[in-house]
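Q: Let me give you the structure first, and then I'll get to my questions.
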């Protein structure tokens, strides 16, 4: 659900969306997905979506029609500029190839060219399967890995600064940022800003700019207050 919402948002802004890796759930739906959003300020606009999203609904996979609560983790990582040097030791990498296992169609290929790279020192795992060439999938996976490692270092420094200044910010990836309630009532609420809406169809169709800008305004006010 969330991946479709963000893709709708990107399309509304005429951004380009490319699915890089997709893993289906054993029951139905998507277990995990990695996609690239290309457009002006895409990473800056989406960075506030990083965190844990809580969903409450009647499960479409439960014959008894019971209410279920589930959680989804969202990460937003900007692509690293080629001029920024990120040192990666080849000996620290575990590289596996496998057959694409996404939803099918035009998004993934059907050959054993998908690539998964594990950075052993940090445990970061990245994968790519949208290209037909194993070389191209490895190249894209390495780009994602460089971005992930760079982002990890930035977050580490942010946390160190927050501790130094006695701040308690939601820098950590594990914090819940938003609730999506579809039963027994409809309400989407951002726990950081207090922004909420009962128009869930509109929100899930990608009309989320109000929430994005509310978060960015709060961050700007917080940054000015700490000066």
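Q: Here's a check for you: in the range 172-195, which residue that is surrounded by fewer than 15 Cβ atoms within 10 Å (Cβ to Cβ) and within 16 Å of residue 49 (Cβ to Cβ) is modelled with the highest pLDDT?
A: 176
Q: Still on this model: If a residue has to be in a strand (DSSP E or B) and over 16 Å from residue 18 (Cβ atoms) to count, how many in the range 123-141 make the cut?
A: First pass over the range 123-141, keeping only residues in a strand (DSSP E or B): 124-128.
Next, only the ones that are over 16 Å from residue 18 (Cβ atoms) stay: 124-125.
Of the residues in that region, 2 qualify.
Q: Taking the criterion of being surrounded by 13 or more Cβ atoms within 10 Å (Cβ to Cβ), assigned by TED's automatic domain parsing to the domain that holds residue 215, without any contact (Cβ under 8 Å) to a residue 24 or more places away in the chain and closer than 21 Å to residue 200 by Cβ, would at least one residue in the range 16-28 satisfy it?
A: No, that holds for no residue.
Q: Report yes if some residue within the range 73-94 is closer than 15 Å to residue 23 by Cα and at pLDDT below 80; otherwise report no.
A: No, every residue in the range 73-94 fails to be closer than 15 Å to residue 23 by Cα and at pLDDT below 80.
Q: Something else now. Take the residues in the range 122-139 that are crowded, with 19+ Cβ neighbours inside 10 Å and modelled with pLDDT under 90, then tell me which one is nearest to the chain's Cα centre (by Cα).
A: So the residue we want is 130.
The values are calculated or read from the model by the stated rules, or taken from the named source; none is laboratory data. These numbers were taken from a predicted model, which means no experiment stands behind them. Neighbour counts run over all protein chains shown; Cβ positions are idealised from the backbone, glycine included.
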